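Visitor: Here it is, the structure in full.
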Amino acid sequence: MPDLRLSAINVYPLKSAGGLAQTSWDVDTFGLRYDRRWMLVDDGGAFLSQREHPRLALIRPELEPDRLVLRAPGAADLELPLRPSGSDLTVTVWAGETRGRLVSAGADRWFTAFLGIACRLVHMPEDVVRPVRPDYAHDGERTSFTDGFPFLLISDASLEDLNRRLAAPVPMNRFRPNLVVAGAEPFAEDGWRRIRMGQLTFRVSKPCPRCVMTTVDQASGISSGTEPLRTLAGFRRNAEGQVDFGQNLLHAGTGRLEVGMTVELLD
């Protein structure tokens, strides 16, 4: 059996903004605590992402015990409460509706000035149940403002394999995984069905189809063109024509993850 270890944990408090690398982190019923619990929406309530607004990559979060702090070039720090008390709003992530809570007019002005477009910041309260698609959920699992699943996992070896094919290697943050695993063969995660880390078990639900966001340099907020998506398309295109890289996970229970812990293959 391979010696599999959790090599990285990444939390993304604001959907499509920068992430936070953690050595240990709590898992709640949404997924990683605070992961994608904030999101920007347009005037119609539709979510905004790096696909159309790559400058979102330049926004850096910091989680403190009583607040979320967001930093961006040329802007004063934005300090936000962890539990906003604004009014609720119906918002959409892809085709699905859910509920968000408006944070503040000041936050809306901060993001509007930085991105150059009218937008509002919403938070997902604890009582919101945004269900995972029923064709993948087994036990009524919910998720936050993710694209659809609580966790994205990629192995270090899969990125190394991709980088051997690229003229200019890319870092893991291009793919924005929550969990990174060391010790596997390239793309071994494609064949995993259930895994355990500590007291938490995870079900591998489906591959993650990749998009133009993978071309955005997370340090500059600028698209690099067609790579690594073009190279991935040459050997990771599925039967539906999508380009897969990484696996979406569902979890059972709550607990804590730590970098270095064993990843046990159950199925």
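Read-outs throughout are calculated quantities, based only on the coordinates presented, and are distinct from any laboratory measurement. Predicted model only: the values in this text are computed from it and were never measured. A quick note on method: Cβ atoms are made from the backbone with ideal geometry, for glycine too, and the neighbour counts reach across all protein chains shown.
Visitor: Does anyone have the angle between helix 156-165 and the longest principal axis of the chain? Alpha-carbon axes, 0 to 90°, nearest 10?
Guide: 90 degrees
Visitor: Moving on. Which Cα, out of G260, P177, L70, lies furthest along the positive dipole direction of the range 5-265 (beta carbon charges, K/R +1, D/E -1)?
Guide: Value: P177.
Visitor: Let me ask something additional. Report the paramagnetic label zone for A188: residues of the range 215-247 whose backbone N is under 18 Å from a point 7 Å from Cα along the Cα-to-Cβ axis.
Guide: Answer for the range 215-247: 246-247.
Visitor: For T112 and E62, FRET efficiency with R0 = 25 Å and r from the beta-carbon atoms, rounded to 0.05?
Guide: The pair E62/T112 has a calculated efficiency of 0.70.
Visitor: For the range 116-267, just say rounded, prolate or oblate: build the C-alpha gyration tensor, square-root its eigenvalues into a ≥ b ≥ c, call rounded for a/c under 1.5, and beyond that prolate if a/b exceeds b/c, oblate if not.
Guide: Because a/c hits 1.5 or more and a/b fails to exceed b/c, the range 116-267 counts as oblate.
Visitor: Taking the 0 to 90 degree range and rounding to the nearest ten, how far is the long axis of helix 105-115 tilted relative to the main principal axis of the chain, both from C-alpha atoms?
Guide: With both axes taken from Cα atoms, the answer is about 60 degrees.
Visitor: If you don't mind, another one. Using the Karplus equation 6.51 cos²θ - 1.76 cosθ + 1.60 (θ = phi - 60°), what ³J(HN,Hα) coupling, rounded to whole Hz, does each residue of the range 76-89 give in order, writing x for Gly and Pro?
Guide: Those phi angles translate into 5, 4, 10, 9, 10, x, 6, 10, x, 10, x, 7, 8, 8 Hz.
Visitor: Work out how much length T90 to N238 would gain on full extension: take 0.36 nm times their residue separation and subtract the Cα-Cα distance, in nm to one decimal.
Guide: Between T90 and N238, full extension yields 49.9 nm more.
Visitor: Oh, and also: What list of ³J(HN,Hα) couplings, whole Hz, do you get for the range 131-138 from phi and the Karplus terms 6.51, -1.76, 1.60, once you set θ to phi - 60° and write x for glycine and proline?
Guide: Here the 3J(HN,Hα) series is x, 5, 3, x, 6, 10, 6, 10 Hz.
Visitor: What is the packing order of peptides 254-261, 37-44, taking the mean over residues of other C-beta atoms within 10 Å and listing the highest first?
Guide: Numbers: 254-261: 15.0, 37-44: 20.0.
The peptides rank, most packed first, as 37-44, 254-261.
Visitor: Per 0.36 nm of contour for each residue apart, how much would the distance between D135 and E52 grow if the chain were fully extended, relative to their Cα-Cα spacing? Walk me through the intermediate numbers first.
Guide: Working: separation 83, 0.36 × 83 = 29.88 nm, distance 2.88 nm.
Separation in residues times 0.36 nm, less the Cα-Cα distance, equals 27.0 nm.
Visitor: Would you please give the FRET efficiency between L200 and E160, computed as 1/(1 + (r/R0)^6) with r the Cβ-Cβ distance and R0 = 22 Å, to the nearest 0.05?
Guide: FRET efficiency, L200 to E160: 0.25.
Visitor: To continue, here is another question. In whole Hz, what ³J(HN,Hα) sequence does the range 41-56 give by Karplus (6.51, -1.76, 1.60; θ = phi - 60°), x for Gly and Pro?
Guide: Using θ = phi - 60°, the values come out as 10, 8, 4, x, x, 7, 5, 10, 8, 5, 4, 9, 10, x, 5, 4 Hz.
Visitor: Per-residue ellipticity at 222 nm for the chain, helices alone: DSSP H runs ≥ 4 residues times -39500 (n - 2.57), over residue total, nearest 500 deg cm²/dmol?
Guide: -3000 deg cm²/dmol
Visitor: So who's got an amide H within less than 5 Å of the one on S16, skipping anything under 5 residues away but keeping other chains? H placed 1.01 Å off N, in plane.
Guide: Result for S16 returns nothing.
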